[in-house]
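**Student:** Right, I'll just put the structure down here and ask away after.
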């Protein structure tokens, strides 16, 4: 017994993997972990907003344009509202818009890419031409036009960003499908009598998931940025202030009140950078180097 | 065309292919035939081999049986009768139901024919679930039973493993388990042992023989491995340039091959069971380019016994014995040894 327990630590050390392998996985992970760290701060802050501040983000007060102090950690804006609370609650709006519109984009993109890549031929031609049409439309411009015409409710903004953002995912997924559909296990499933739907959902989809995850991370960042941009142009929903809207309102006070623009800007940058680092880290981990956005 | 081999008119045949022509068209509009007038039969419970070099059309013929000729190939003519119904004229949906239930297929490379992200048990289970309405627990039990039948130890745990946790031999066993999951009437094995090392090859052959004996599943074995044929099959078809050049009972093919190609093929394999130390013979030249076939016998340019007539016209498949036919003007029994 004593012998076997003495041998144990050594075998455990062997199981830890060779040094080169550890280094490589650390290189992948470094970017992912830094990204997660950057992303985690604004994400947690937005999630725990009611615990972190008692201030109502919409409550007006006579103390306008106060510099950051203990009472107002990030100062107050031109209407006396607490910037700290507005950044926290604004983060909720930005993140919700980002995640849900990315979800829409990913869903459409995956469906289009899988169908185009699997069936090839005419189906592929038609779907890819449609994809190209969406690709050449200037996304921001169309988003501006649509939101300007339909009004800037949060749901409309989400749908518009989602529907305009699926092209990248569709192309990545299609490229994977062109490879995967020639795999022998797909042929084996076909020979086993599986239908196209079953092959796509059960055999091929799990193989595409890593690419979808990477695409989702990048897509979320892009969507948050688009929303901020729309808000910055005054096309957001004023009753639900996002980071972009805060930045827009801060424009007039850039010289008097740096805190009004700096803190929402910082939160936005951290989130976008974080999402991109996570996306890139995962991409190199999955060996998916060429991920289109 | 002269119909000769008596087995071909066998009414009880499980599978009967008649005059199958599979054509491939290149982008330039050229066409060539990967399979040109192939006829063969497989009786219920029989083990038949198709032997030939790469590019002889054996795999294409096999894929045509399941209506999965690789793009851009097309079946141009012929009939594929399976249990009395013509597969080539069957609606797509019915063919799909047939696949995996009545006809199953095992591939060459078990490394790539299992889905890397699904557990092995789940993949075998799916093969069952596609064709039978069974509860999850009933399927689970059948998966374990199948794994046990193909000799995979510690099955409950192994069913939960991913393909990368399996060795090559185990993966091919798992593929065979998938193939026989629904007790098909016919199992098509396309070079099932090519990617495996010799000891594992032998185990897979034994396994296939046992499955054939136990459940009466007919096997159509596609291979270029002559040793495999000898130990497993009752009948052999030799293919060359999209044609069957010789067919007959395994023993006859081995003991008295009549087509010079079959003869050369056998002479090119080292044997340990005979005393005579004949030199190994390599077949000279390359398999013919299917876009540019010789006008007469397709083997004529490489044939050591060729006569003038071989260049002018192509011989028909002629009976030389009981169930034994060859496509040759000369025939080995009449041939003079090459100078």
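**Student:** Considering each residue of region B:166-195, count those that are farther than 24 Å from residue B:13 by Cβ and without any contact (Cβ under 8 Å) to a residue 60 or more places away in the chain, and give that number.
**Tutor:** Qualifying residue count for the region: 8.
**Student:** Mind checking which helices (runs of 4 or more DSSP H) fall wholly inside region B:203-303 and carry at least 2 residues that are over 24 Å from residue B:151 (Cβ atoms) and without any contact (Cβ under 8 Å) to a residue 40 or more places away in the chain?
**Tutor:** B:250-255
**Student:** How many of the residues making up region B:72-90 are within 14 Å of another protein chain (Cβ to nearest Cβ), part of a loop (DSSP other than H, G, I, E, B) and at pLDDT 90 or above?
**Tutor:** 1
**Student:** For region B:93-149, give me each residue that is part of a loop (DSSP other than H, G, I, E, B), under 17 Å from residue B:184 (Cα atoms) and without any contact (Cβ under 8 Å) to a residue 40 or more places away in the chain.
**Tutor:** If we filter region B:93-149 for residues that are part of a loop (DSSP other than H, G, I, E, B), which is where we start, we get B:100-102, B:107-119, B:130-135.
In the following step, the residues that additionally are under 17 Å from residue B:184 (Cα atoms) were identified as B:100-102, B:107, B:130-133.
Once the filter is applied, which keeps residues that are part of a loop (DSSP other than H, G, I, E, B), under 17 Å from residue B:184 (Cα atoms) and without any contact (Cβ under 8 Å) to a residue 40 or more places away in the chain, region B:93-149 yields B:130, B:133.
**Student:** Another question, if that's okay. Mind counting the residues in region B:101-122 that are within 22 Å of the chain's Cα centre (by Cα) and either more than 7 Å from chain A (Cβ to nearest Cβ) or modelled with pLDDT of 90 or more (or both)?
**Tutor:** Total meeting the criteria: 10.
So that you can scan it fast, the table gives a plain yes or no per residue for (1) buried (at least 22 other Cβ atoms within 10 Å of the Cβ); (2) touching a helix residue (DSSP H, G or I) at 6+ places or on another chain (Cβ under 8 Å); (3) part of a helix (DSSP H, G or I); (4) at the interface with chain B (Cβ under 8 Å from one of its Cβ atoms):
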{"site": "A:170", "(1), (2), (3), (4)": "yes, yes, yes, no"}
{"site": "A:179", "(1), (2), (3), (4)": "no, no, yes, no"}
{"site": "A:188", "(1), (2), (3), (4)": "yes, yes, yes, yes"}
{"site": "A:198", "(1), (2), (3), (4)": "no, yes, yes, yes"}
{"site": "A:205", "(1), (2), (3), (4)": "no, yes, yes, no"}
{"site": "A:212", "(1), (2), (3), (4)": "no, yes, yes, no"}
{"site": "A:221", "(1), (2), (3), (4)": "yes, yes, yes, no"}
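**Student:** For the structure I just gave you, tell me whether residue B:188 is away from chain A (no Cβ under 14 Å), touching a helix residue (DSSP H, G or I) at 6+ places or on another chain (Cβ under 8 Å) and either in a helix (DSSP H, G or I) or buried (at least 21 other Cβ atoms within 10 Å of the Cβ) (or both). Steps first, answer last, please.
**Tutor:** Details: away from chain A (no Cβ under 14 Å): no; touching a helix residue (DSSP H, G or I) at 6+ places or on another chain (Cβ under 8 Å): yes; either in a helix (DSSP H, G or I) or buried (at least 21 other Cβ atoms within 10 Å of the Cβ) (or both): yes.
For residue B:188, the condition - away from chain A (no Cβ under 14 Å), touching a helix residue (DSSP H, G or I) at 6+ places or on another chain (Cβ under 8 Å) and either in a helix (DSSP H, G or I) or buried (at least 21 other Cβ atoms within 10 Å of the Cβ) (or both) - is not met.
**Student:** Checking residue B:55 against (1) modelled with pLDDT of 90 or more; (2) outside any strand (DSSP E or B), only one condition comes out false. Which one?
**Tutor:** (1)
**Student:** Another question about this same structure. Could you tell me whether residue A:238 is away from every other protein chain (no Cβ under 14 Å), buried (at least 22 other Cβ atoms within 10 Å of the Cβ) and within 22 Å of residue A:100 (Cα to Cα)?
**Tutor:** Taking the combined requirement at face value, the residue does not satisfy it.
The values are calculated or read from the model by the stated rules, or taken from the named source; none is laboratory data. Quick caveat: nothing in here was measured; it's all calculated off a predicted structure. Cβ coordinates were reconstructed from backbone atoms using ideal geometry, including for glycine residues, and neighbour counts include every protein chain displayed.
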